[in-house]
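To start, the structure itself, in structure tokens.
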Amino acid sequence: MLSETIADTILSMITIDKTYSAGDKLPNETLLAKELHVSRTTLREAIRILITYGALEIQRGRGTFVTDRAFQVKPDLGPLANVSTHLKDLYEMRLIFEPEAAYWAALRGTDAEIEHIVEYGRKVDATAALVPELLVKREYRFHLAISQATHNEYMKALFPVLYQAIFNGVSVTSKYDKAILENIVNHQTILEFIEERNGDGARIAMKMHILHAMKMLNLK
């Protein structure tokens, strides 16, 4: 459901992007719905989901606020989430995981989810590359949107574990102009296949994207 995807997006804005902290008030319904490119009805349902999990709370007469529990909502993945591992190992996991995620996203994603993938993918551009922190956030949003569009609960739950690999990769490769340009071209290719709902093409494009990153980082 789109409302679940938007709930995940809002939660990532809180826990990953640090757009909001515990105690912060969310923007009014109209502004937030416009920012997320969804209807107010979908946004209300997403907020209701986060309220159920305790990540948000409504204070009568004041608005909707972020709670401390927002940072505890994601599933506890146990030892796997705390493993200290080599960057090469993490990228190998991306190579196993993300091409298949792109495949299923292209086939299963709703029209609205595909629009979100395209929107976030296009924001990973040369302008963002000039600000590594911004590039990391946009890269994360892009890959998160793909994992959500798979409609596979395990893929959605495992994605945060792989964020460390994405973060490290973008932080390092952003120092190299060639890597930045390849990254942008690769994203556009992935987007084209996903927009066309070509699962096989999206899978291959994502695989090439990760292999290029591994090559630039001397991980092969």
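FYI, it's all coordinate maths here, none of it is from the lab. What you see is a predicted model, and the numbers here were worked out from it, not measured in a lab. Every residue, glycine among them, receives a Cβ derived from its backbone with ideal geometry; neighbour counts consider all protein chains shown.
Values computed for the structure shown
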| item | result |
| --- | --- |
| Rounded FRET efficiency, nearest 0.05, which uses the C-beta distance separating VAL185 from ASP89 and R0 of 30 Å | 0.70 |
| Entries of LYS18/LYS207; LYS123/LYS207; LYS25/LYS156; LYS34/LYS207; LYS88/LYS207; LYS18/LYS88 with Cα pairs more than 23 Å apart | LYS18/LYS207; LYS25/LYS156; LYS34/LYS207; LYS18/LYS88 |
| In sequence order, calculated HN-Hα J values of the range 18-23 (Karplus, 6.51, -1.76, 1.60; Hz; x Gly/Pro) | 6, 5, 10, 10, 4, x |
| Highest to lowest packing among 196-206, 141-151, 99-109, scored as the average C-beta count within 10 Å | 141-151, 99-109, 196-206 |
| Residue order, fewest to most surrounding Cβ atoms within 10 angstrom, among PHE97, PHE65 | PHE65, PHE97 |
| Under-5 Å amide H pairs with LEU56, H placed in peptide plane, nonlocal only | ILE51, THR67 |
| The range 1-74 - Debye-derived log10 I(q)/I(0), Cα point model, q = 0.15 Å⁻¹ | -0.41 |
